[in-house]
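Report on the following structure.
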Amino acid sequence: MVNVLLGIRMAFAGGRESLARMALMAVGVAIGVPLVLVAVSALPILQSHVDRLAWHRTTAQSPPTAPDHAMWLAVTDRYAGRDVIRVHVAPLGPRPPVPPGVERLPGPGEKVVSPALAELMRTVPDDQLGDRYPGRVVGGIGPDGLIMPDELVAIIGQTPEQMSAMHGSSEIQGIERPGAGLDLAGLWGVLFGIVSVLVVGPVVVFIAMTTRVGGPRRELRFAAVRLAGATRLQTAVLAATETALAAVAGTLLGWLAYVLLRPVVASQVTLGHGMPIFVDDVRVPLAALLAVLLGVPLVAVGTTLVALRPVQLTPLGVRHRARRRPPGLWRLVPILVGLVGLAYSVRLAKDVQPADMSLLDQVVLQVLPMVSVLSILVGFFLAGAWVCMWASRGMARLSRSATTLMVARRIAADPYSTFRMVGGAAIAVYVATSLGFAVASSEGPGRDANQSLFSPGRPVLDPGVVAVHVRDVPEADLAPLMSDGVVVARLGPGERIVVSCVELAKVTDLGCPLPAYREGVPFGQDYLRAEDLFTVPYPGATSQDLIFQPSALAEPGPDAGELPVKTLLIPTDGSTAAQERVRTLAAVTVPMSRSKTSDDVAAGPLLDVTAFGAVLPYALVFILIFTACGLTVSVIAGVLERRLPFAVLRASGVRLGELRRMVLLETGAPLALTVLFGVGLATLQALATIPPEHWMPPSAGYLAGLGGGVLAAFAVSLIALPFMDAATRLDTVRYE
């Protein structure tokens, strides 16, 4: 305890320099902590989404949650490009199961709606929306029953007799409860593992870098303490105490910043629905929160203790450091291994069908990409010093002044420390450039606005046509939907769609003969687009339910009129109002029906890489903030650590402007070369993972924004140069 108190006293007794160093460490940690917490909250956000969707997955097999049963029919409807969940219910006793967010089930002639749907119905004519949900509004659906604040949901009360007459209704004994694990947990684990490596890794490096501010001068002070008789443990406690004070303060500030930023994060996360999520869903589990809040100070303290090792071993040799061996070419090996691993995993996913994969192939496909990216990052850290060494050699060869030559010699003497100054910025540029390649390649030649790397292609429906899916409904019940021009597609044996290609061509861009699936034909073929037209989740309200997919398309035969109707393709005048009236008529005529328009049939990709495009502006902001902070820390640390040498140079006749130019060159030249190295590495990674026919460089605007952000960050870092005058005055030499 005495050593801790002495460490606190020494931390605050070092004057303005010591206080400035601690403040800078605290600010650096405060910037890094919220970034780490946001990355850690990604999976909990997805799990909260799955939990909120639980009651939408209610079926007859759901476990009991109430003494009595109820009739249930849930349907996903659409309005103006937005999903609307429509649930018809009828209690079969006084105590039926009740969904979350409502106090009771609505009775016949009643309905409860979400706040967003209630507001929307007040602004839209009833024949376009409100008539789909008969009855009077008797209440609202609270946040517990919504996946997002703006979700459109209606629960409509019916009588048991009405529900029995509805096709697709079932008797339930309970509401599905949260508890299902995250779907595709393995895939999401790999994706977010890669994100964690790319985002959290540089942030931890930045935090470790801030704790090294003023390191050499601190080493001198603690070396004096060791020579005065302090033990290794006492010296370590003194050093750790000073770092821990700043790290704990920065961690608490960072946690407070994360709490304040949660509404901002929630407003930008849509999870594919186009609506912001609840602020309460942006959370970090207690165990992960404690790990971050305790781990960040431990990382900072550990960095200090590692840097203190030379003091502990040879306190007399702190001022006389031996020149380290220059970095070798072997440091590029992890990068090559990572690129080969990524290329192999992409080839494996492309050449081997999922059904033919062995267990080993599946494990390799899940683990290898993340390990490969980690190998590339490790190689980046190792190769950075090698790049800085070549930067120093180039500067020495091209130098025309003594100051430039001095900078080159200093970098050559310790390229490892030089890369630590600019490495965080270079890695951040590498991450942003990799994201830019992914987005640009997903929008490359041959793709339209609705097509991504894994999507079937543009919508097949003609504009203004509404496709109404009415499987297993007697044809007599469909009379209100029948009119001139309606094309009827029927369901044949073996899940085949039976429809005339001549009729189908009237409402789609397909022609004769009907498209057929052909092995080896790339995505975008007509069959996949036609299949997407008839594919629909059935009969539940979400994509968690069984999806109907046709096995083939066939021309009608002589007995085609006896087959059940699968889909009605209803043309309209093309106006939004006319299409919504058809949807409303379909919802009233056949409550279990589902409808699509050309906008809804726009094929959604299996892996929507273009969704990352919305993240790019925030990535640029991240680059600006991260790079500015890292470079500012580096410049300030360089000035503080070499205050005496700079003062001696100034006293010997070197002008103040030349000293400032030395600091600028020492930071700017390695930064430029390592940033180019990061861009080149991202390019090689894109070539290894993206097929040549889809490869596209990021747009000129994106690259210009990225470069402008780095330049702006470098300009911000130069705020330390005006302090060079005060740091190199002659009294500094006399004091030393």
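The values are calculated or read from the model by the stated rules, or taken from the named source; none is laboratory data. Since the structure is predicted, the reported quantities are computational estimates derived from the model, not experimental observations. Ideal geometry is used to build each Cβ from the backbone, glycine not excepted, and the neighbour counts take in all protein chains shown. In case anyone asks, the SASA skips ligands and DNA or RNA and just uses the protein heavy atoms, side chains included. Shrake-Rupley method; radii C 1.70, N 1.55, O 1.52, S 1.80 Å.
Data overview
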{"item": "Enumeration of residues in segment 113-154 that are in contact with an Asp or Glu (Cβ under 9 Å, 6 or more places away or on another chain), more than 25 Å from Leu46 (Cα to Cα), open to solvent by less than 20 Å² (accessible area, probe 1.4 Å) and not in a loop (DSSP other than H, G, I, E, B)", "result": "Arg132"}
{"item": "Hits in segment 556-576 (condition: open to solvent by 30 Å² or more (accessible area, probe 1.4 Å) and either polar (S, T, N, Q) or over 20 Å from Ser500 (Cβ atoms) (or both))", "result": "Thr572, Asp573, Gly574, Ser575, Thr576"}
{"item": "Unmet requirement for Pro692, which otherwise passes all of (1) surrounded by fewer than 15 Cβ atoms within 10 Å (Cβ to Cβ); (2) over 27 Å from Val371 (Cβ atoms)", "result": "(2)"}
{"item": "Qualifying positions in segment 486-511 - within 17 Å of Thr572 (Cα to Cα), touching a Leu at 6+ places or on another chain (Cβ under 9 Å) and outside any strand (DSSP E or B)", "result": "Val486, Glu503, Leu504, Lys506, Val507, Asp509"}
{"item": "Inter-residue pairs, beta-carbon under 7 Å, first part of a loop (DSSP other than H, G, I, E, B) and in segment 388-400, second surrounded by 13 or more Cβ atoms within 10 Å (Cβ to Cβ), 6+ apart", "result": "Ser399/Leu405; Ser399/Ala408"}
{"item": "Verdict on Asp477 being of a type in the set (D, E, K, R), in a helix (DSSP H, G or I), closer than 29 Å to Glu580 by Cβ and at pLDDT 80 or above", "result": "yes"}
{"item": "Yes/no for Ala322 being at negative phi, at pLDDT below 90 and in a helix (DSSP H, G or I)", "result": "no"}
{"item": "Residue list for segment 641-697, restricted to those being part of a helix (DSSP H, G or I), modelled with pLDDT under 85 and of a type in the set (Phe, Trp, Tyr)", "result": "Phe646"}
{"item": "Filter pass, Thr508 being over 23 Å from Pro474 (Cβ atoms) and modelled with pLDDT of 85 or more", "result": "yes"}
{"item": "Pairs with Cβ under 9 Å, 6+ apart, first in segment 126-155 and over 21 Å from Arg57 (Cβ atoms), second assigned to a helix (DSSP H, G or I) and of a type in the set (Ser, Thr, Tyr)", "result": "Asp126/Thr584; Asp127/Thr584; Gln128/Thr576; Gln128/Thr584; Leu129/Thr584; Gly130/Thr584; Asp131/Thr584; Arg132/Thr584"}
{"item": "Criterion (surrounded by fewer than 18 Cβ atoms within 10 Å (Cβ to Cβ) and over 30 Å from Leu298 (Cβ atoms)) met by exactly one of Ala60, Ala70", "result": "Ala60"}
{"item": "Exclusive hit being at pLDDT 60 or above and either within 30 Å of Arg52 (Cβ to Cβ) or not hydrophobic (A, V, I, L, M, F, W, C) (or both), set Leu191, Leu256, Leu252", "result": "Leu256"}
{"item": "Flag for Gly709 being open to solvent by less than 30 Å² (accessible area, probe 1.4 Å), at pLDDT 75 or above and out of contact with any Gly (no Cβ under 7 Å at 6 or more places or on another chain)", "result": "yes"}
